[in-house]
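J.: My questions all concern the structure below.
Quick note: the coordinates plus some simple rules give every number you see, no bench work behind them. Fair warning: this is a prediction, and the values are worked out from it, not measured in the lab. Please note: Cβ atoms are built from the backbone with ideal geometry, for glycine as well, and neighbour counts cover all protein chains shown.
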Amino acid sequence: MPKAMQTRLPNLSPRLYRMPPPMSEKDWQAQVVQLAGTFGWMVQHSRPAQVGDRWMTAITGNVGFPDLVLAHRTKGVIFAELKTETGRMATAQTDWRDTLAAHVEWHLWRPSDLDAVMRRLSRAA
């Protein structure tokens, strides 16, 4: 084959085709909150604050409450725990899940659940 007709394959070096870094829980939460706002949901989240050299979330009651409470006039109320792809729920979080899920809509959402999250937030309860 003449040299002019030969095609050169691209350099398929693995370093050029790395997967993006995993999404942090903070970034995932920001994405869910933004989607919720887009679809008209009210959002409640208790943020930790730095007190001296420690981070604390001021609460009265049991620890482990879900990350988000989402409420919509016609689409319902959702309690959502957000985790990274590899994040694990603490015992206190599973206690809240077990108590809430029997009575209300409760979800564990990970970044790989984005399509399901969008479907749920866009539809009626």
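J.: With unit charges on the beta carbons (Lys and Arg positive, Asp and Glu negative) and the dipole taken about the Cα centre of segment 65-122, which residue among 102, 118, 79 sits farthest to the positive side?
T.: Final value for the positive-end residue is 118.
J.: Could you size up the charge dipole of segment 24-125 around its Cα centre, putting +1 on the beta carbon of Lys and Arg and -1 on that of Asp and Glu, and report it in debye to the nearest 20?
T.: The calculated dipole for segment 24-125 is roughly 280 debye.
J.: According to the Kirkwood expression over distinct Cα-Cα pairs, how big is the hydrodynamic radius of segment 50-125, in Å?
T.: With all distinct Cα pairs of segment 50-125 included, I get 13.9 Å.
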